[in-house]
Protein chains: 2
Amino acid sequence: MSQQQEIIFVTGNANKLKEVQQILKDAPCTLTNVALDLDELQGSSLEAVATAKLKQAVVQAGSGKAIFVEDTALSFTAFNGLPGAYIKWFVQSMGLAKIVQMLDAFEDKSAQAITTIAYADAEGQTHVFKGITDGTIVASRGPTDFGWDSIFEPYDSHGKTYAEMDKPSKNKISHRGKAFEAFKSFLQN
Amino acid sequence: MSQQQEIIFVTGNANKLKEVQQILKDAPCTLTNVALDLDELQGSSLEAVATAKLKQAVVQAGSGKAIFVEDTALSFTAFNGLPGAYIKWFVQSMGLAKIVQMLDAFEDKSAQAITTIAYADAEGQTHVFKGITDGTIVASRGPTDFGWDSIFEPYDSHGKTYAEMDKPSKNKISHRGKAFEAFKSFLQN
């Protein structure tokens with residue numbers, strides 16, 4: 001692997017890009033991004049959803065390039081894993097307050113935040129990395145400009161929601177941080 | 001259009017097939033079915049989800065055949081349209097009791113049952129038909145062997161859930177019945 005290979009992150013989300021640049025800043029690669037219009041499959045396996053997206057990304061970007069996609073899910077224990085990958089549609093359609101309210105009638109407010117990275121290296125080999133953070137769904141606290149960060153309180157955040165944490169502290173314990181740490185150590189080896 | 005053209009219904013669901021055969025029984029066509037393994041897209045437009053599925057079905061079945069897919073959604077007013085097309089994953093993962101419980105904290109229990117049919121005629125032209133039935137989400141009543149039929153009580157069912165109705169009565173007022181009536185009258189003209 002060359003010391004400074006270019007790796008393409010398929011995202012149009014400036015917040016995600018910033019987070020990932022921060023996490024990968026000392027990895028042996030140069031991160032660029034491209035916003036592609038990819039279909040997202042329905043499915044119960046997060047890995048299947050991510051690799052299907054990656055396959056399209058490789059076709060659209062052209063082969064011979066190192067490229068990855070990232071998919072994030074928020075899985076409620078009481079809902080047996082849902083909304084899961086569909087959480088983005090719930091945030092978009094219902095808003096955060098109603099998502100919290102859906103859980104009102106359930107005693108168990110625990111949830112898992114999960115990031116799945118699907119990476120195709122320049123030889124076209126696929127690799128999958130996962131990061132999981134356990135926590136609780138709470139009434140919104142902190143800035144609401146990044147998805148559902150203000151309603152998720154990780155168990156190991158000293159009582160803060162993701163939205164209330166500064167970026168470096170969040171990256172240390174977050175689902176995304178963990179998945180990209182695994183990705184980074186793969187790139188370094 | 002020939003008097004008895006063959007039309008292929010892409011479904012592996014025996015209950016759906018029986019309902020549709022009943023509804024189309026005097027339409028000028030012979031209904032066959034095939035179970036194809038089609039990807040289902042995530043998306044907020046039911047029409048987009050159905051036509052994407054149709055496109056794959058045409059590729060798999062071969063062109064020159066009249067073929068259709070059907071997609072059903074259950075949209076809660078309080079959830080601004082969700083779970084919508086994702087309802088099948090909720091039924092599968094959470095079960096009916098928990099779906100009803102999700103609405104406990106919301107006063108508005110109204111919902112729309114929506115069927116979208118995407119049909120490619122033998123010339124490859126696409127046509128979309130929709131049927132909508134308004135009703136309320138209720139605690140499960142009646143047989144639970146057909147999706148979410150036992151928790152949806154249409155406004156014009158005289159207090160019965162779909163599951164408590166006999167098939168002919170259900171087909172007269174159901175989302176699927178309405179969509180296929182529109183499809184039938186298209187085939188007859």
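Just wondering, is there one or more residues in the range A:50-66 that are out of contact with any Pro (no Cβ under 7 Å at 6 or more places or on another chain), closer than 30 Å to A:Lys109 by Cβ and either of a type in the set (Gly, Ala, Ser) or open to solvent by less than 10 Å² (accessible area, probe 1.4 Å) (or both)?
Looking through the range A:50-66, at least one residue is out of contact with any Pro (no Cβ under 7 Å at 6 or more places or on another chain), closer than 30 Å to A:Lys109 by Cβ and either of a type in the set (Gly, Ala, Ser) or open to solvent by less than 10 Å² (accessible area, probe 1.4 Å) (or both).
Pairs, please: C-beta under 9 Å, at least 6 apart or cross-chain, first residue of a type in the set (Asp, Glu) and in the range A:163-189, second not in a helix (DSSP H, G or I)?
A:Glu164/A:Arg141; A:Glu164/A:Gly142; A:Glu164/A:Pro143; A:Glu164/A:Glu153; A:Glu164/A:Ser157; A:Glu181/A:Phe129; A:Glu181/A:Gly131
Scan the range A:151-172 and give yes if some residue there is crowded, with 16+ Cβ neighbours inside 10 Å, within 22 Å of B:Leu103 (Cα to Cα) and not acidic (Asp, Glu), otherwise no.
Yes - at least one qualifying residue is present in the range A:151-172.
Is there any pair with a first residue in the range B:104-117 that is of a type in the set (Gly, Ala, Ser) and a second that is assigned to a loop (DSSP other than H, G, I, E, B) whose Cβ atoms are under 8 Å apart and which are 6 or more apart or on different chains, and what are they?
B:Ala105/A:Asp104; B:Ala105/A:Ala105; B:Ser110/B:Thr77; B:Ser110/B:Ala78; B:Ala111/B:Thr77; B:Ala113/B:Ser174
Go through the range B:94-128 residue by residue and tally those that are part of a helix (DSSP H, G or I) and modelled with pLDDT of 95 or more. Outline the logic, then answer.
As a first pass, look at the range B:94-128 and keep what is part of a helix (DSSP H, G or I): B:94, B:96-102.
Then keep just the ones that are modelled with pLDDT of 95 or more; that gives B:96-102.
Within the range B:94-128, residues that are part of a helix (DSSP H, G or I) and modelled with pLDDT of 95 or more number 7.
Restricting attention to the range B:104-150, which residues are buried (at least 17 other Cβ atoms within 10 Å of the Cβ), within 14 Å of another protein chain (Cβ to nearest Cβ) and over 19 Å from B:His175 (Cα atoms)?
The answer is B:Phe106, and nothing else.
So the check is Cβ under 7 Å with 6+ separation or different chains; which pairs have a first residue in the range A:62-88 that's within 9 Å of another protein chain (Cβ to nearest Cβ) and a second one that's acidic (Asp, Glu)?
A:Ala78/A:Asp108; A:Ala85/A:Asp71
Which residues, taken from the range B:92-103, are open to solvent by 40 Å² or more (accessible area, probe 1.4 Å) and more than 8 Å from chain A (Cβ to nearest Cβ)?
B:Ala97, the sole residue that qualifies.
For A:Lys88, state whether it is of a type outside the set (A, V, I, L, M), farther than 20 Å from B:Lys98 by Cα and either in a loop (DSSP other than H, G, I, E, B) or open to solvent by 20 Å² or more (accessible area, probe 1.4 Å) (or both).
Against the criterion (of a type outside the set (A, V, I, L, M), farther than 20 Å from B:Lys98 by Cα and either in a loop (DSSP other than H, G, I, E, B) or open to solvent by 20 Å² or more (accessible area, probe 1.4 Å) (or both)), A:Lys88 qualifies.
Among the residues of the range A:16-47, count how many are in a loop (DSSP other than H, G, I, E, B) and aliphatic (A, V, I, L, M). Please lay out each step first, then the result.
Narrowing the range A:16-47 to residues in a loop (DSSP other than H, G, I, E, B): A:24-28, A:35-40, A:42-45.
Right, trim to aliphatic (A, V, I, L, M) and you get A:24, A:27, A:35-36, A:38.
Of the residues in the range A:16-47, 5 are in a loop (DSSP other than H, G, I, E, B) and aliphatic (A, V, I, L, M).
Restricting attention to the range B:48-56, does a residue exist that is touching a residue at least 12 places away in the same chain (Cβ under 8 Å), more than 21 Å from A:Met102 (Cβ to Cβ) and either part of a loop (DSSP other than H, G, I, E, B) or in contact with a helix residue (DSSP H, G or I) (Cβ under 6 Å, 6 or more places away or on another chain) (or both)?
No, the range B:48-56 contains no residue that is touching a residue at least 12 places away in the same chain (Cβ under 8 Å), more than 21 Å from A:Met102 (Cβ to Cβ) and either part of a loop (DSSP other than H, G, I, E, B) or in contact with a helix residue (DSSP H, G or I) (Cβ under 6 Å, 6 or more places away or on another chain) (or both).
Output the residues belonging to the range A:1-47 that are open to solvent by 60 Å² or more (accessible area, probe 1.4 Å), aliphatic (A, V, I, L, M), within 16 Å of the chain's Cα centre (by Cα) and over 18 Å from A:Ala61 (Cβ atoms).
Listed by number, the list holds a single entry, A:Ala14.
In the range B:15-53, how many residues are more than 28 Å from B:Ala163 (Cα to Cα) and more than 14 Å from chain A (Cβ to nearest Cβ)?
Qualifying residue count for the region: 2.
Considering the range A:79-120 alone, what residues qualify as being in contact with a strand residue (DSSP E or B) (Cβ under 6 Å, 6 or more places away or on another chain) and among the charged types (D, E, K, R)?
Listed by number, the list holds a single entry, A:Lys109.
Taking the condition closer than 25 Å to A:Ile7 by Cα, surrounded by 18 or more Cβ atoms within 10 Å (Cβ to Cβ) and not charged (D, E, K, R), does A:Gly177 pass?
Considered against the rule, which asks whether it is closer than 25 Å to A:Ile7 by Cα, surrounded by 18 or more Cβ atoms within 10 Å (Cβ to Cβ) and not charged (D, E, K, R), A:Gly177 comes out as yes.
Can you tell me which residues in the range A:129-156 are part of a loop (DSSP other than H, G, I, E, B), without any contact (Cβ under 8 Å) to a residue 24 or more places away in the chain and farther than 26 Å from A:Phe186 by Cβ?
Scanning the range A:129-156 gives A:Arg141, A:Gly142, A:Pro143, A:Tyr155.
The values are calculated or read from the model by the stated rules, or taken from the named source; none is laboratory data. Given the structure is predicted, the values throughout are model-derived calculations rather than measurements. Positions of Cβ are generated from backbone atoms using ideal geometry, with glycine treated the same way; all protein chains shown enter the neighbour counts. The area values use the complete protein model at the heavy-atom level, side chains included, leaving out ligands, DNA and RNA. Shrake-Rupley method; radii C 1.70, N 1.55, O 1.52, S 1.80 Å.
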